[in-house]
Amino acid sequence: YNHSFRFEAILSNFSNSLPELKKIVLKTADKIYLINTKDIIRCESENNYTIFHLANKNKVMVSKTIKTYEEMLSGKDFMRFNQSHLVNLNYIEHFDKPEGGILVLSDNSTIPVSHNKKTVLLKYFSSL
C-alpha cells in the first residue's frame, strides 16, 4: 500500500476540517469592528497602520502593521502583491500586463504588482 498516498489523504482531510476565518476583529481607538473577511476588498499599509477598504465603501484604520493581517488572512483568498497592499482575490477585475503589471479591483483601485509577485499572480490565474 502506498504510504505517501495515505499521508496525502490524511493531510487533505485535516486541512478540510480546519475552521475557515470568516470574521476578523478590528480595533480602533473608539470602536471594535467585526468584519466579514469576504467584505474586505484590500488592506493598505500606512506606516505602522493598516487601512481596510471594505465592499460597502467604508474604511477602517487600525494601529497594526499589514504583516499582522497578512499572516491572518493569507491562504484565505488574500495575497500580498507589493509592500503596501494585501488584496482579496475575489475583487480582482483585471490585470494590466504592461508597466510590470497593475491589478484593477472592483472598487476601481489600482494596485501595482511587484516583479517577484507577478509570477505568483500568473500562476494563480492559470489555476482558476
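The values are calculated or read from the model by the stated rules, or taken from the named source; none is laboratory data. Not measured: the values here are computed from a predicted model. Virtual Cβ from ideal backbone geometry, glycine too; neighbours counted across all protein chains shown. In case anyone asks, the SASA skips ligands and DNA or RNA and just uses the protein heavy atoms, side chains included. Shrake-Rupley method; radii C 1.70, N 1.55, O 1.52, S 1.80 Å.
A few comments on the model shown:
- Odd one out for V113 among (1) at pLDDT 90 or above; (2) among the hydrophobic types (A, V, I, L, M, F, W, C); (3) under 21 Å from K57 (Cα atoms): (3)
- Selection count where residues are more than 14 Å from M79 (Cα to Cα) and touching a residue at least 40 places away in the same chain (Cβ under 8 Å), scope region 99-114: 3
- Across region 86-122, the qualifying residues are those that are in a loop (DSSP other than H, G, I, E, B) and among the charged types (D, E, K, R), and the one among them that is surrounded by the most Cβ atoms within 10 Å (Cβ to Cβ) is D107.
- Selected residue [under 26 Å from F125 (Cβ atoms) and surrounded by fewer than 19 Cβ atoms within 10 Å (Cβ to Cβ)] from K31, K38: K38
- Check on K22, basic (K, R), touching a strand residue (DSSP E or B) at 6+ places or on another chain (Cβ under 8 Å) and surrounded by fewer than 12 Cβ atoms within 10 Å (Cβ to Cβ): yes
- A search for C-beta distances below 6 Å between a residue of region 36-55 that is more than 19 Å from N108 (Cα to Cα) and any residue that is in a strand (DSSP E or B), counting only pairs 6+ apart in sequence or on different chains, returns N36/K23; T37/I24; Y49/M61; T50/C43; T50/V62.
- Residues located in region 50-60, provided they are within 16 Å of V25 (Cβ to Cβ) and open to solvent by 30 Å² or more (accessible area, probe 1.4 Å): N58
- Some residue of region 61-81 being more than 26 Å from L128 (Cβ to Cβ), of a type in the set (S, T, N, Q), at pLDDT 90 or above and open to solvent by 50 Å² or more (accessible area, probe 1.4 Å): yes
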